[in-house]
Amino acid sequence: MDRLKEFVAVSERLTGHRHIELMGTGSAEEYLQTLRRAVPEDLVEDLLATAHDLDGHEDAVTVELLADPRLGPVAKNIIVLWYCGTWHQLNDDWRQTYGADPVDTHVVSANAYLSGLQWTVARAHAPGGNMQGFAAWADRPAPEAEAEPERTNR
Amino acid sequence: MSTPTHDVVVVGAGVAGAVMAKHLTDAGLRVLMLEAGPGTPQTLDGYEHHLNTFYEASAKGPESAWPTAPQVPQPDTADLRFNDGYFVQRGPQLYGSSYSRLQGGSTLHWLGVSLRMLPEDFDMGSRFGVGRDWPLRYDDLEPFYRKAELDLGVSADVADQQYHGITFADGYDFPMSRVPMSYADQWLADAVGDLEVPIGTESVPIQVRSYPAARNSMPRPGYGPVGALDRRGDGQVRPGLIGERCQGNTSCTPICPVQAKYNAGRTLAQIDPGHLEVRAQAVASKINVDPTDGMVTGITYQRYDGSSYVEEVAIGRRYVLAAHAVENAKIMLMSGLTGPNDMVGANLMDHPTLYAWGLAPEPVYPFRGPLSTAGVEDLRGGPFRSTHAAFRFDVANDGWRAPTGAPDTTVTGEVDQGHFGADLRRRLATTLTRQVRLSLAVEQLPDPANRISLDWRFLDPLGNPRPAINYRIDEYTLAGMVEAKRVAGAMFSRAGIEDRSDDDVQKWFPTIEHQGQVFSYHGMGHFAGTHMMGDDARTSVVDHSQRSWDHQNLYLIGSGSFPTMGTSNPTLTIAALAVRTAETLAAELGDLSAGRVGANVRSTDR
Ligand SMILES: Cc1cc2nc3c(=O)[nH]c(=O)nc-3n(C[C@H](O)[C@H](O)[C@H](O)COP(=O)(O)OP(=O)(O)OC[C@H]3O[C@@H](n4cnc5c(N)ncnc54)[C@H](O)[C@@H]3O)c2cc1C
Ligand code: SF4
């Protein structure tokens, strides 16, 4: 499995979105790059390695991942990346302990901002982009599909 | 004496200046416009560059799409966190509003709410015994409201707007039909039902109502909506082929991607370049006055490029300050022109505004459509105004974004609590779709102690002093805040909305305490009162035409001229007054050219 596939597999569990939904944002590669810039390589390796433990007991593995003092804050940041398109600076203590660069809070890119999952979950769109058209706001949108992540070929 | 190069010198290329310039040039006059900030691109590509600036900004405040030049600092909403911005805030309360200093001015990021003032707003003094009367009545301004609605391109239906005595000329309707109300507005209107609230001695029915907006909707016959305009190097203007209809981008503030929302650049682009010269990066810094008769002889401005600047003098037959309420006062004070009883800079007002927000019992689907499409106007007027302030509500279409930073903070909040995966997705789908918010904008009265002055200890890069602000929110407004909160609470409980208004999350907002209640308030960008008009030269700075009493060839235009501000957002009234002043000026200069000169006017014709 290549790194991107591993990253998306972990992201599926973290975000509750399917492979196809995540790839549809067009932001997967940028997010992986952002991650690699912000945290040490070995940490990225360890985090992506959890992709291989997922089958069958996703939730348990993810709960463990999020609770991990070293990987947990990064995993949470990955969720926020997908939903908001924003990388949040990891706090000072964590960075000192695990030797990460102080990458500031920033919007990853214009595309990342526009493709945040928070907008689709809200049945809305990012302000300033992907507009719905005149008077669409007067109608009730189709409700969000109940989305259990389905298994994909990895 | 130097010869005028233009008929009229206008300082400031915001909406007041642009509307003024349009009507003057339409009358055949030649106008020179001095604009402090960088020239905003008039090409479509140039405008779209600002859109990207906004997308990539991590703090998406009102100013985020519009960075200006370091030479012309401007207030920023975020300054309030540490009180370290452009304004030198002297308290006791913080003044919460901002504006922008670049070509196009603050309408580049305004919301577009275009309400007329109520007839009773024009005589607060004689009717309610508070504030003071305007030297104009609603009926004097009505024809100019119509012209301003045409200039700005306002969408509304007269049928919705006849309340509290507002009247319209026979057969008139707005240029475009009303912007459709959002699903959330319709839901709220239903859910509030026939709610009536007691106020003063009355019981007032509450209605969620569409408000007039300077955003393009469906045109009425005979009107062609103006969207994005593309003026390229050859000076030709082409329609940008977008923006003739609002598309629901939900970012009216800070930037409408397609210019379906009015901005002053649209008016500027429509002016014949043969009659208008816009000189950007030209900061007006001094009004030169002939001490013998008070006439203005020229306006000194600083033309900068990088870190250096040169001083030049603009000379016209008439002068118009249209640089915004604060900057108009600043330029006057920098020139030593203080008006009667130091009235220049005094009586600064705003609409201090509270947020109320909550969770609806079912999805209402916010984060779509213009940032708001409806309001509550029922408490803008009434006999209670003799004891406390009036107020109006905006019904937001963007959830809790303004007070809490939603949806981003909704996401981070859930993630911090350990939610992830399908559970997180479900929780967000439930919460984000049910966010309801109201803005409660409260009237403020003129108070001479609330004022702009200069602080020469703090200079900008061109050596100009920063404006200092003394500002106090008085009992009249505070009592209005109490009532506004109560009415919002009554709407929430009738509609089954769970109140989540939590002063803790807006910690950096200024706060004020009143009878044990703490209010977090913010500004609406509605500055007013710094050079108020009146019919007595001893108690006002300008007359009903916005002409300076002391300097008869000088006009100060904009919301600085308002003696009181009622509850309406000021810009439509600013534009209506600008049209009225432009017509006065054009008639006067026309008469001069035709030799029909009255003795009192001749002396001003330099
Ligand atoms: C976030 C926000 C939302 C708003 N929403 C609404 C709304 O919905 N409805 C409404 O009615 N109003 C709204 N307003 C208020 C509205 O923006 C102002 O009322 C309006 O823009 C004022 O117009 P103006 O032309 O007087 O000033 P501005 O628009 O501020 O223009 C002044 C111009 O003068 C220039 N200038 C300044 N100093 C100098 C100088 N020394 N020399 C030369 N030029 C100078 C500036 O660069 C600028 O171009 C909002 C304001 C804000 C901040
Ligand atoms: S909703 Fe969108 S298209 Fe309409 S005015 Fe606002 S930003 Fe412009």
- Message: Test of the criteria: in the range B:258-290, which trypsin sites (Lys or Arg not before Pro) are in a DSSP loop and have at most 14 other Cβ atoms within 10 angstrom of their Cβ?
- Response: none
- Message: Once ligands and nucleic acids are excluded and a 1.4 Å probe is used, how much of B:K22 is accessible, expressed in Å² to the nearest 10?
- Response: 40 Å²
- Message: In the protein assembly as shown, if the dipole is taken from +1 on Lys/Arg beta carbons and -1 on Asp/Glu beta carbons about the Cα centre, which of B:L428, B:L348, A:V108 is farthest to the positive end?
- Response: B:L348
- Query: What is the Cα centroid distance between the range B:124-180 and the range B:441-457, reported in whole angstrom?
  - Reply: 27 Å
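When the convex hull of the C-alpha atoms of the range A:3-146 is computed, what volume per residue in Å³ does it have?
Numbers: hull volume 16.3 nm³, N = 144.
Hull volume normalised by residue count: 113 Å³.
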- Item | Surface accessible to a 1.4 Å probe, B:R245 within the full protein complex, Å² | 80 Å²
- Message: Let me see the P(r) profile for chain B: every Cα-Cα distance counted, bins of 10 Å, each bin given as a percent of all pairs.
- Response: 3, 17, 29, 28, 16, 5, 1, 0, 0
- B:H544 long-range amide H proximity, modeled H, under 5 Å: B:G534
- Task: Determine the shape class of the range A:1-77: with a ≥ b ≥ c the square roots of the Cα gyration tensor eigenvalues, call it rounded for a/c under 1.5, and otherwise prolate if a/b is greater than b/c, oblate otherwise.
- Result: oblate
- Order by accessible surface, 1.4 Å probe, largest leading, for residues B:R116, B:R231 comes to B:R231, B:R116
- Item | Cβ-based charge dipole, the range A:3-146, positive-most Cα from A:A135, A:H52, A:H17 | A:A135
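Could you grab the relative contact order for the range B:33-176? Cα pairs under 8 Å, six or more apart, rounded to a whole percent.
Numbers: 140 pairs, mean separation 24.6, N = 144.
With pairs under 8 Å counted, the relative contact order is 17 percent.
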- Can you give the alpha-carbon Rg of the protein assembly as shown over 2.2 N^0.38 Å, where N counts its residues? 1.00
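For chain B, what does the helix formula give at 222 nm: sum of -39500 (n - 2.57) over DSSP H segments with n ≥ 4, over the residue count, nearest 500 deg cm²/dmol? Walk me through the numbers before you get to the answer.
Numbers: 14 runs with 148 residues, N = 606.
Result for chain B, helices only: -7500 deg cm²/dmol.
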- Query: Just the accessible area for B:D133, please: 1.4 Å probe, Å², rounded to the nearest 10?
  - Reply: 60 Å²
- Note on the structure: The pairs in B:K60/B:K261; B:K286/B:K330; A:K5/A:K76; B:K60/B:K485 lying past 21 Å Cα-Cα in this model are B:K60/B:K485
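So for B:W549, B:W187, what's the accessible-area order with a 1.4 Å probe, most first?
Details: B:W549 70, B:W187 35 Å².
Highest to lowest solvent-accessible surface, that is B:W549, B:W187.
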- Query: Total accessible area buried between chains A and B, 1.4 Å probe, in Å² to the nearest 100?
  - Reply: 3900 Å²
- So what is the relative contact order for chain B, in percent, with contacts set as C-alpha pairs under 8 Å and at least six apart? 22 percent
- Task: Mind putting a number on the dipole of chain B about its Cα centre? Charges go on the C-beta only, +1 for Lys and Arg and -1 for Asp and Glu, and I need it in Debye to the nearest 20.
- Result: 700 debye
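Magnitude of the Cβ-charge dipole of the protein assembly as shown, K/R +1 and D/E -1, about the Cα centre, nearest 20 debye?
Working: 66 positive and 96 negative charges, 320 e Å.
I would put it at about 1540 debye.
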- Total formal charge among the other residues, if their Cβ is under 9 angstrom from that of B:W400, Lys/Arg +1 and Asp/Glu -1: +2
- Message: Per residue of the range B:525-536, what does 6.51 cos²θ - 1.76 cosθ + 1.60 with θ = phi - 60° give for ³J(HN,Hα)? Whole Hz please, x for Gly and Pro, Karplus curve as stated.
- Response: x, 9, 6, 7, x, 7, 8, 5, 8, x, 10, 9
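Note down the net charge around B:Q74, summing +1 for each Lys or Arg and -1 for each Asp or Glu among other residues with Cβ under 15 Å from its Cβ. It would help to have the intermediate numbers written out before the result.
On the way: positive: B:R101, B:K330, B:R466; negative: B:E35, B:E63, B:D76, B:D79, B:D84, B:E327, B:D460.
Cβ neighbours under 15 Å give a net charge of -4.
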- Roughly how many debye, to the nearest 20, is the charge dipole of the range A:3-146 about its Cα centre, given +1 on each Lys and Arg Cβ, -1 on each Asp and Glu Cβ, and no other charges? 540 debye
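The values are calculated or read from the model by the stated rules, or taken from the named source; none is laboratory data. What you are looking at is a predicted structure, and each value in this text was computed from that prediction instead of being measured. Note that we place each Cβ from the backbone using ideal geometry, even for glycine, and neighbour counts take in every protein chain shown. The protein model used for the area step is the full one, side chains on, heavy atoms only, and it has no ligands, DNA or RNA in it. Shrake-Rupley method; radii C 1.70, N 1.55, O 1.52, S 1.80 Å.
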